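> I have a structure here, written as structure tokens, and I will follow up with some questions on it.
The values are calculated or read from the model by the stated rules, or taken from the named source; none is laboratory data. Just so we're clear, the structure is a prediction, and the values are computed from it rather than from any experiment. A quick note on method: Cβ atoms are made from the backbone with ideal geometry, for glycine too, and the neighbour counts reach across all protein chains shown. Just so you know, the surface numbers come from the protein's heavy atoms only, side chains and all, with ligands and any DNA or RNA stripped out. Shrake-Rupley method; radii C 1.70, N 1.55, O 1.52, S 1.80 Å.
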Amino acid sequence: KQWYQRRVAITAGRDRNTLPIKYPLKEVVLVDANPTTLADAQALESYIVSELNVKKLTVSSDKKKYDVKLTAKPNHMILGKRLKKDFKPVSAAIAKLTDAQLTEMKESGKREILGHTIGFDEMHVGYEVNSESGSYAAASMHNVLVLLDLSTDQEMMDEGLAREVINRIQKLRKSAKLVPTDKISIFYAIDSKKKDNEDMSRAMRNYQDFIETGVKSPFLGEPAQENVIISEEVEVKGSRFQLTLCGDVKKSSSGPVVQWPQGRPSGKYFTVNYNDSSREILLQPNGNQLSAIRLEREVKAMYGLFGRTVILSFNGSAVKCTTRDLTFLDGGIVTVITA
């Protein structure tokens with residue numbers, strides 16, 4: 001129940017500050033005087049940061065450290081009906097109650113105000129953070145206090161944009177009536193020169209692996225191939241781009257990855273090993289020189305490694321992704337290492 005209340009409080013805090021769950025929070029601070037409650041929260045840390053898209057969880061029993069104070073307003077419906085003409089002065093007195101007075105009232109459950117006994121539950125009580133205390137915003141639910149660090153940086157905003165892209169892809173999959181086991185490739189086209197597209201274009205490049213992990217499919221910034229299933233222009237935060245889902249494209253013998261039932265290829269080739277599997281790859285498919293970037297993409301496609309960090313090792317050294325001429329691999333063996 002306590003975790004549910006904290007989850008609701010964090011979600012409410014996001015909503016109030018227009019920060020959707022797709023965009024990560026730098027930090028969430030859970031404040032409670034009960035050490036058992038704080039220990040329980042720490043035990044759930046991995047779940048909390050994942051479920052609520054938070055980079056860091058902090059627990060504390062000292063709300064003064066974060067310059068947080070209780071504030072109160074009268075419940076007009078309850079007190080207005082009960083106090084009648086005395087409601088206005090009592091309401092003004094409630095608004096002037098200090099953090100210490102409200103804390104004492106919270107513990108006792110009531111307080112005498114201008115000759116009337118006012119119950120703690122007859123007020124709307126919340127928390128407020130001093131504006132000079134940084135970027136924290138307070139959120140509460142049923143006396144549960146959480147502080148949300150609302151400060152953002154470019155990396156966090158880009159991650160949020162990448163999550164938006166994942167969301168649009170999933171919606172396209174649903175529109176096309178695809179099931180999770182359907183193998184597809186996703187292609188995108190965006191005019192990166194347009195000012196409105198600068199942030200999205202950067203997020204797509206920098207978070208390509210993140211997006212591929214989220215959709216469990218290759219995500220490629222190049223013209224769509226054959227077997228188009230669905231294509232649609234989408235908009236995210238003012239940026240417009242084209243998303244195209246294509247069916248699993250089988251590679252022909254003219255592509256870089258080739259299997260030969262009998263004998264060996266006549267052209268230059270090398271072998272790629274991953275776990276217990278070996279495949280031969282042409283160095284000059286269709287007469288074009290194979291680059292390290294294209295090789296990495298082919299390896300991910302062969303072994304379903306999209307979204308994972310891949311290292312291509314040759315003679316004990318990593319093949320640099322900037323390498324355009326791979327003729328030195330001729331006749332050799334490349335080992336695939338995943339992180």
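> When you check ARG163 against the structure, is it in a helix (DSSP H, G or I), touching a Leu at 6+ places or on another chain (Cβ under 9 Å), of a type outside the set (A, V, I, L, M) and surrounded by 17 or more Cβ atoms within 10 Å (Cβ to Cβ), yes or no?
no
> When region 319-339 is examined, which residues are found to be open to solvent by 70 Å² or more (accessible area, probe 1.4 Å) and either in contact with a Phe, Trp or Tyr (Cβ under 7 Å, 6 or more places away or on another chain) or modelled with pLDDT of 90 or more (or both)?
First, pick out the residues of region 319-339 that are open to solvent by 70 Å² or more (accessible area, probe 1.4 Å): 320-322, 324-325, 328, 330, 333, 337, 339.
PHE328, ASP330, ILE333, ILE337 - these are the residues of region 319-339 that are open to solvent by 70 Å² or more (accessible area, probe 1.4 Å) and either in contact with a Phe, Trp or Tyr (Cβ under 7 Å, 6 or more places away or on another chain) or modelled with pLDDT of 90 or more (or both).
> Being open to solvent by less than 40 Å² (accessible area, probe 1.4 Å) and either touching a Pro at 6+ places or on another chain (Cβ under 9 Å) or modelled with pLDDT of 90 or more (or both) is the filter here, so list the residues in region 247-266 that pass it.
The first filter runs over region 247-266 and keeps only residues open to solvent by less than 40 Å² (accessible area, probe 1.4 Å), leaving 247, 249, 255-258, 265.
If the condition is that a residue be open to solvent by less than 40 Å² (accessible area, probe 1.4 Å) and either touching a Pro at 6+ places or on another chain (Cβ under 9 Å) or modelled with pLDDT of 90 or more (or both), then GLY255, PRO256, VAL257, VAL258 are the ones that fit.
> When you go through ASP121, ASP99 one by one, which is the residue that is touching a residue at least 24 places away in the same chain (Cβ under 8 Å) and of a type in the set (D, E, K, R)?
So the residue among ASP121, ASP99 that is touching a residue at least 24 places away in the same chain (Cβ under 8 Å) and of a type in the set (D, E, K, R) is ASP99.
> Would you check which residues across region 169-205 are in a helix (DSSP H, G or I) and surrounded by fewer than 16 Cβ atoms within 10 Å (Cβ to Cβ) and list them?
Scanning region 169-205 gives GLN170, LYS171, LYS174, SER175, LYS195, ASP196, GLU198, ARG202, ARG205.
> Kindly indicate whether ILE293 is modelled with pLDDT of 90 or more and open to solvent by 60 Å² or more (accessible area, probe 1.4 Å).
no
> Please enumerate the residues belonging to region 47-72 that are surrounded by 13 or more Cβ atoms within 10 Å (Cβ to Cβ), more than 29 Å from the chain's Cα centre (by Cα) and free of Cβ contacts under 8 Å to residues at least 60 places away in the same chain.
LEU70, THR71, ALA72
> Same structure, new question: When the residues of region 98-120 are narrowed to those that are charged (D, E, K, R) and farther than 18 Å from ASP32 by Cα, which ends up least open to solvent (accessible area, probe 1.4 Å)? Steps first, please.
Of the residues in region 98-120, the ones charged (D, E, K, R) are 99, 104, 106-107, 110-112.
From what's left, farther than 18 Å from ASP32 by Cα: 110-112.
Working: LYS110: 124, ARG111: 64, GLU112: 118 Å².
The residue in question is ARG111.
> Inspect region 81-97 for any residue being among the hydroxyl-bearing types (Ser, Thr, Tyr) and surrounded by 14 or more Cβ atoms within 10 Å (Cβ to Cβ) and give the result as yes or no. Break it down stepwise before answering.
Step one: list which residues in region 81-97 are among the hydroxyl-bearing types (Ser, Thr, Tyr), which gives 91.
Filter once more, so that each one left must be surrounded by 14 or more Cβ atoms within 10 Å (Cβ to Cβ): 91.
Yes.
> Go through region 146-160 residue by residue and tally those that are among the hydrophobic types (A, V, I, L, M, F, W, C) and either in a loop (DSSP other than H, G, I, E, B) or open to solvent by 30 Å² or more (accessible area, probe 1.4 Å) (or both).
Here the count works out to 2.
Results for (1) of a type in the set (Lys, Arg); (2) in contact with a helix residue (DSSP H, G or I) (Cβ under 8 Å, 6 or more places away or on another chain); (3) at pLDDT 90 or above, shown as yes or no for each residue.
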{"position": "LYS26", "(1), (2), (3)": "yes, yes, no"}
{"position": "ASP32", "(1), (2), (3)": "no, yes, no"}
{"position": "THR36", "(1), (2), (3)": "no, no, no"}
{"position": "ALA39", "(1), (2), (3)": "no, no, no"}
{"position": "SER46", "(1), (2), (3)": "no, no, no"}
{"position": "LYS64", "(1), (2), (3)": "yes, no, no"}
{"position": "LYS69", "(1), (2), (3)": "yes, yes, no"}
{"position": "LYS73", "(1), (2), (3)": "yes, yes, yes"}
{"position": "GLY80", "(1), (2), (3)": "no, yes, yes"}
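> Go over the candidates GLU107, GLU132, GLU128 one by one and state the one that is over 30 Å from VAL234 (Cβ atoms), in a strand (DSSP E or B) and either modelled with pLDDT of 95 or more or not hydrophobic (A, V, I, L, M, F, W, C) (or both).
Every option except GLU128 fails the conditions.
> Here's something else I'd like to know. For residues that are of a type in the set (Gly, Ala, Ser) and modelled with pLDDT of 80 or more, tally how many sit in region 267-280.
In the first step, residues of region 267-280 are kept if they are of a type in the set (Gly, Ala, Ser); the result is 267, 277-278.
Then keep just the ones that are modelled with pLDDT of 80 or more; that gives 277-278.
Final tally of qualifying residues: 2.
> State whether the residues of region 87-96 include one that is under 20 Å from THR37 (Cβ atoms) and part of a helix (DSSP H, G or I).
No, because not a single residue in region 87-96 is under 20 Å from THR37 (Cβ atoms) and part of a helix (DSSP H, G or I).
Yes or no, residue by residue, for (1) without any contact (Cβ under 8 Å) to a residue 24 or more places away in the chain; (2) more than 17 Å from the chain's Cα centre (by Cα):
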residue	(1), (2)
ILE169	no, no
LYS177	yes, yes
ILE184	no, yes
TYR188	no, yes
LYS193	yes, yes
MET200	no, no
MET204	no, no
TYR207	no, no
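> Let me ask something else. For region 215-231, which positions are touching a residue at least 24 places away in the same chain (Cβ under 8 Å) and surrounded by 14 or more Cβ atoms within 10 Å (Cβ to Cβ)? Steps first, answer last, please.
We begin by selecting, within region 215-231, every residue touching a residue at least 24 places away in the same chain (Cβ under 8 Å); these are 215-225, 229-230.
Across region 215-231, the qualifying residues are VAL215, SER217, PRO218, PHE219, LEU220, GLY221, ALA224, ILE229, ILE230.
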